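Bear in mind these aren't lab numbers, they're just calculated from the coordinates by the rules spelled out. Note that the structure is a prediction, hence the values are computed from the model and not measured. All Cβ positions, glycine included, derive from the backbone under ideal geometry; neighbour counts span all protein chains shown.
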Amino acid sequence: MLKLLPNLIIYSLFLRIYLFLKHWYFDGFIWFFNHLGQIIKNFDHFFAIKITYHNLLTPLHQDYSFISYILSIPTRFFLIISGLIFYSFLTFIFASLFVIWALIPLVALFMSIFELSNLNF
């Protein structure tokens, strides 16, 4: 029974490392992706890019006068462009946060290795 103890310890160590990496990177990515999708879905009620795109050439409030065409097309175009810029900025922020999130264990590992190499016994 004691012969199996080192194997069990090594197996448990690798299992814990695997579970940590799975939780930190895979589950963390899913969490970031889900929250980004939820925030974009919430803001889509304001921007409504798909609906605005389909109605780009339709005048506002179904008023088919010349002035309504002149005002509605630039207004909807501006709404589409501002929504795309906002979504791009939001995606960049979430991607940056995920990269920082992903680097935390690596930085901690390298800092601990560096500190251990500077110890004088």
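Using the beta-carbon distance between ILE85 and ASP63 and R0 = 30 Å, what value does 1/(1 + (r/R0)^6) give for FRET efficiency, to the nearest 0.05?
0.60
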Report task. For segment 1-84, state which trypsin sites (Lys or Arg not before Pro) are in a DSSP loop and have at most 15 other beta carbons lying within 10 Å of their beta carbon. Result -> LYS3
Query - For LEU56, residues with placed amide H under 5 Å, excluding near neighbours - result: none
Query raised in the report: Of PHE77, PHE66, PHE89, which has the largest mean-square fluctuation in a 10 Å C-alpha GNM of the chain?
Result: PHE66
Report summary line: Length-normalised contact order of segment 22-115, Cα under 8 Å, at least 6 apart, in percent, tallies to 32 percent
Report summary line: Quick calc: nm separation of the 7 Å Cα→Cβ label points for ILE73 and ARG16 -> 6.7 nm
Report task. Describe numerically, in nm with one decimal, the distance between label points set 7 Å from Cα along Cα→Cβ at PHE33 and at TRP101. Result -> 1.2 nm
Query raised in the report: Of the labelled options [x] 11, 22, 20, 16, 12, 9, 6, 3, 1; [y] 12, 43, 33, 10, 1; [z] 11, 30, 27, 18, 8, 4, 2, 0, which one gives P(r) over Cα pairs in 10 Å bins from 0, in percent as computed for this structure?
Result: [x]
Query raised in the report: How much length is gained if the chain between ILE9 and ASN42 is pulled fully straight, taking 0.36 nm per residue apart and subtracting their Cα-Cα distance, in nm to one decimal?
Result: 7.1 nm
Report task. Enumerate the lysines that LYS41 could reach by cross-link, defined here as Cα to Cα under 25 Å, with residues fewer than 8 away along the same chain left out. Result -> LYS50
Query - Folded to 0 to 90 degrees: helix 28-47 orientation relative to the chain principal axis, Cα - result: 10 degrees
Report task. Could you run the Karplus curve 6.51 cos²θ - 1.76 cosθ + 1.60 with θ = phi - 60° over segment 107-112 and give me ³J(HN,Hα) per residue in whole Hz, x for Gly and Pro? Result -> 5, 4, 5, 5, 5, 5
